[in-house]
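Colleague: Quick one: structure below, then a few questions.
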Amino acid sequence: STCKSPASLTPELTEGPYFKANSPERASLLEAGTAGTKLVLSGSVFTTDCQPVAHALLDFWQADANGQYDNTGYTLRGHQYTDAAGHYQLTTVVPGLYPGRTEHIHLKVQAPGGPIITSQLFFPGVPNNSEDGIFDPKMLLTVQETSDGLTATFDFVVKTK
Ligand code: FE
């Protein structure tokens, strides 16, 4: 991995108004008819001394490709746990823009027994990044274009107690 000890904790960024508890457990947020550019995001959860964190909780929520959140159901919402090697993979779509914000994916990440970090992930090269008061370059995904959309990587760093 690229984790270098001592690693900085994942920065906390505002939850915003659209979090919903009790998202379904699933690694893919794609459903029949989900529109948009496919995004496969993967990475690891580490401690500050770069030990992988198994069974860390990752809860993702985002706007759809048109910038709309599902506030009645759980479309484009889901949680998962890292595997024994601290690894996760999320399959989703690139979120759309909505007024006042740049492209972003919300998340909560938590080691077993540790504190919850609430944050947001961002996409490189989006012009709105520089206009967004929440944007944090430390939360930029590393993105590659593929024949089937985008692949992206991001590693999180959390406290374990
Ligand atoms: Fe949002």
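Colleague: Restricting to region 126-135, and then to whatever is closer than 21 Å to Thr10 by Cα and open to solvent by 30 Å² or more (accessible area, probe 1.4 Å), can you tell me which residue is farthest from the ligand (Cβ to nearest atom)?
Modeller: Only one residue fits best here, namely Ser130.
Colleague: Moving to a separate point now. Looking only at region 60-107, how many residues end up being open to solvent by 60 Å² or more (accessible area, probe 1.4 Å) and of a type in the set (Phe, Trp, Tyr)?
Modeller: 2
Colleague: Considering each residue of region 91-118, count those that are out of contact with any Asp or Glu (no Cβ under 7 Å at 6 or more places or on another chain) and more than 16 Å from the ligand (Cβ to nearest atom), and give that number.
Modeller: So the answer is 9.
Colleague: Hey, can you tell me all the residues within region 92-118 that are small (Gly, Ala, Ser) and on the phi < 0 side of the Ramachandran plot?
Modeller: If the condition is that a residue be small (Gly, Ala, Ser) and on the phi < 0 side of the Ramachandran plot, then Gly96, Ala111, Gly114 are the ones that fit.
The values are calculated or read from the model by the stated rules, or taken from the named source; none is laboratory data. Values in this document were obtained by computation on a predicted structure and should not be read as measured data. Counting neighbours? That spans all protein chains shown, and the Cβs are built from the backbone with ideal geometry, glycine included. Accessible surface is based on the protein model in full, side chains and every heavy atom, while ligands, DNA and RNA are left aside. Shrake-Rupley method; radii C 1.70, N 1.55, O 1.52, S 1.80 Å.
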